[in-house]
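The structure appears below as structure tokens.
Here, each number is a calculation from the coordinates, and none is a lab measurement. Every value quoted in this text rests on a predicted model; they were computed, and no experiment measured them. Virtual Cβ from ideal backbone geometry, glycine too; neighbours counted across all protein chains shown.
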Amino acid sequence: MKASPGCWTWSRPPARVCCGRYAVQIRRAESLKPFNTLSLQASAAALVRVSNDQELAQAMDWSRSQGLPVLPLGEGSNVVLAGDLDALVVRQCNEDLKVVAEENDRVTLRISAGHDWHRLVMRTLEAGFYGLENLALIPGTVGAAPIQNIGAYGVEFERFVVAVQGLEMRTGEHLMLTAAECAFAYRDSVFKGELRDRVIITAVDIQLSRRPQSDLDYPALRDELARRRVANPQPEDVFAAVVDLRKRRLPDPDKEPNAGSFFKNPVISAERAQAMRTRWPGLPCFAQAGGRVKIPAAWLIEQAGWKGRRVGGVGVHPGHALVLVNHGSDSGKELLALAASIRESVSRQFEVTLEMEPRVYGLQA
Ligand SMILES: Cc1cc2nc3c(=O)[nH]c(=O)nc-3n(C[C@H](O)[C@H](O)[C@H](O)COP(=O)(O)OP(=O)(O)OC[C@H]3O[C@@H](n4cnc5c(N)ncnc54)[C@H](O)[C@@H]3O)c2cc1C
């Protein structure tokens with residue numbers, strides 16, 4: 001079992017070590033500021049880092065004994081912490097990767113939930129297992145990838161999924177979901193619906209190809225490859241182009257704390273898109289399966305005048321209207337107030353409701 005180098009390590013001895021039958025180290029009242037990419041201040045009732053299944057089982061057992069819910073946290077790159085969390089926050093740090101099946105040019109891998117996503121993309125590419133290139137440099141862990149069915153440059157995680165392994169949080173029972181049972185959709189899955197807060201994902205089985213098969217349909221990716229004068233792109237070229245594009249386009253959370261795209265791109269009916277296009281001819285439209293149309297939330301936000309605006313300690317990035325940045329505020333509530341103002345003006349101007357992408361925690365019910 002390998003622990004992720006990117007995973008947090010104790011900087012000082014735990015304030016309270018839960019001993020006796022619990023070997024895992026559980027800290028009470030710990031700050032989560034270092035563990036969310038928006039760098040928001042919030043504390044967890046308890047926090048634990050686990051590096052194998054036994055430690056996870058112990059942590060879950062402890063949470064039940066304390067009557068505390070379990071809250072899985074990866075890199076914290078898709079959460080808004082708006083207040084303290086009355087939960088045992090569990091961070092998984094194991095980075096196991098093994099081949100579980102091989103057939104012709106297809107290979108099935110089982111990767112543990114704590115594995116860093118980008119490192120997985122690099123490891124598979126180096127091993128000659130292709131497919132994940134378009135998803136390079138997405139922050140976060142493998143265990144979080146199924147939650148919102150991560151996607152970028154025309155490819156979504158669901159394309160590779162064979163099964164998702166997890167534990168039922170209430171009982172600790174093992175469960176395995178097939179790709180169909182995960183009900184993947186655009187930035188959505190069963191883990192945001194029926195199974196929300198009910199499952200901690202422990203591993204993911206994905207199938208990749210030994211034969212290079214890059215997806216080059218996304219216009220910005222094609223343009224970037226052309227700019228680099230790559231005539232016959234190989235997976236390594238696609239990987240390099242995606243990494244470069246993302247570095248140029250998206251602010252680095254270490255320098256400008258953010259959670260990536262703050263709103264989903266609205267998907268509307270073809271009739272509605274046509275009507276909007278008539279009124280706003282510059283509106284970009286992307287045809288989706290089933291005849292629906294995706295419109296960019298960034299365009300709507302920019303047209304509504306929010307791009308680059310700052311309100312108190314938070315703001316909208318000047319280079320990317322979909323990215324909200326924390327310029328030094330400790331309060332998730334300030335960020336949510338900005339998000340609410342943006343939603344309101346987009347709704348007023350375009351009659352389109354923006355849906356937030358990150359999950360909000362710490363607001364009183
Ligand atoms: C700069 C930047 C760029 C981004 N670009 C993209 C992009 O291109 N495409 C995209 O899809 N997303 C993107 N994101 C969003 C984010 O990277 C993904 O959603 C990622 O999968 C989140 O991983 P995480 O480990 O940080 O999850 P966290 O933020 O820690 O958690 C997110 C949610 O998943 C749950 N969760 C986490 N791990 C588990 C687990 N093991 N079991 C059960 N539930 C779990 C948490 O409880 C929480 O509800 C971006 C974010 C940033 C900051």
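Within the listed set LEU175, LEU97, LEU85, the residue fluctuating most in the Gaussian network model of the chain (springs between alpha-carbon atoms under 10 angstrom) is LEU175. Note on CYS285, CYS93: ascending count of other Cβ atoms within 10 Å places them as CYS285, CYS93, the fewest first. Summary of packing: across the peptides 240-249, 100-109, the per-residue average of other C-beta atoms within 10 Å ranks them, highest first, as 240-249, 100-109.
Region 326-365 and region 83-125 have Cα centres lying 31 Å from one another. If the elastic network links every pair of Cα atoms under 10 Å, which of GLY291, GLY151, GLY166 fluctuates the most in the Gaussian network model of the chain? Per the Cα network of the chain with a 10 Å cutoff, GLY291 tops the list. Under the membrane-span-like helix rule (DSSP H runs whose alpha carbons stretch at least 24 Å along the helix axis, mean Kyte-Doolittle hydropathy -0.5 or higher), the chain yields 332-350.
Using a Gaussian network model of the chain in which every pair of alpha carbons under 10 angstrom is joined by a spring, one finds that among SER329, SER269, SER261 the greatest mean-square fluctuation is at SER269. Rounded, prolate or oblate: which fits the chain when a ≥ b ≥ c are the square roots of the eigenvalues of the alpha-carbon gyration tensor, with rounded for a/c under 1.5 and prolate only if a/b beats b/c? Oblate shape, in that a/c is at least 1.5 and b/c is the bigger or equal ratio. Mind running the shape call on region 269-316? Use the C-alpha gyration tensor, a ≥ b ≥ c as the square roots of the eigenvalues: rounded below 1.5 for a/c, prolate if a/b tops b/c, oblate otherwise. Here region 269-316 falls in the prolate category. Of the GluC sites (Glu not before Pro) found in region 172-281, the ones in coil according to DSSP and having at most 12 other Cβ atoms within 10 Å of their Cβ are GLU173, GLU194. Straight-line reach from LYS255: taking Cα to Cα under 19 Å and skipping same-chain neighbours fewer than 8 places apart, the lysines in range are LYS33, LYS247, LYS307. Find the centroid of the Cα atoms in region 247-321 and in region 185-224, then give the distance between the two in whole Å. Using only Cα atoms, the two centres lie 21 Å from each other. Here LYS294 is the anchor, and the aspartates and glutamates within straight C-alpha reach of less than 18 Å, apart from those fewer than 8 places off in the same chain, are GLU156, ASP188, ASP217, GLU271, GLU302, GLU351, GLU355, GLU357.
Classify region 97-209 as rounded, prolate or oblate from the Cα gyration tensor: take a ≥ b ≥ c as the square roots of its eigenvalues, call it rounded if a/c is under 1.5, otherwise prolate when a/b beats b/c and oblate if not. In terms of gyration-tensor shape, prolate.
Here the dipole of the chain is about 780 debye; that uses its Cα centre as origin and unit charges on the Cβ of Lys and Arg (positive) and Asp and Glu (negative).
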